[in-house]
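The structure appears right after this line, and notes come after that.
Here, each number is a calculation from the coordinates, and none is a lab measurement. Note that the structure is predicted; figures quoted are calculated from it, not measured.
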Amino acid sequence: MERSWAASSTLAEARAALQLAERDEGSRVAYEFLNDGELADPVADAKAAVASAQAEVERLDGRVKPALLDEAHYIERELQRLRTERAKAITLIIAASPHLQRLREEHKAAWKELRTVRALLQALLSATHGQWPREMETALAVEPLEADRVGFEVDSARITALQSALVALETDAGDHVSRAYEVI
């Protein structure tokens, strides 16, 4: 971009020199006529300098800038491809972990326990023919599963530890894979 700026500056300077030469053209022609001598033509020189500078600006704008933009787009696509490849690699590392299998088993067991507790509470409600206190009925209410719901506890320390380990895994897979698995 420095070359583009320099070319634009050169063009501006050449245009300023052309305006100055055109302003003084009348004096130059009069001097030439009165002295029967031929002087250099600063207007023609200035016009040539403007044309040359304009050509360089157009070359940069017409060929170089689009080429740079194409290269930038290519690099962005390549970075996205590499990010995707990194994510796939991290996924393979996590998917192969015995800790993930254990976490999946914990998940299944937690749902089994939840269904069992719910069935037990339902059995108690049926046995009492609905005569237990109103606050006990809320025990059968469906609770949200989202971790960010206010008023419903989650093990925040465990979640934060896993998130930290995953960030570390993204930046340095070698040293932090086992740390991520330990947290799971």
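Coupling constants for segment 74-81 follow from the phi torsions by the Karplus curve (6.51 cos²θ - 1.76 cosθ + 1.60, θ = phi - 60°), and in residue order they are 4, 5, 4, 5, 5, 4, 5, 4 Hz; glycine and proline get x. Net length available on complete extension from ASP172 to HIS129 is 9.5 nm, with 0.36 nm assigned per residue and the Cα-Cα distance removed.
Quote the relative contact order of segment 2-90 in percent (integer), defining contacts as alpha-carbon pairs under 8 Å separated by 6+ residues. Mind showing how you got there, number by number?
Working: 35 pairs, mean separation 34.1, N = 89.
It rounds to 38 percent for segment 2-90.
Using the Cα gyration tensor of segment 2-90, with a ≥ b ≥ c the square roots of its eigenvalues, what is the shape: rounded (a/c below 1.5), prolate (a/b larger than b/c) or oblate (neither)?
Details: a/c = 8.62, a/b = 6.07, b/c = 1.42.
Prolate.
One way to sum up the overall shape of segment 69-149 is the equivalent ellipsoid from its Cα gyration tensor, whose semi-axes run 50, 18, 6 Å, largest first.
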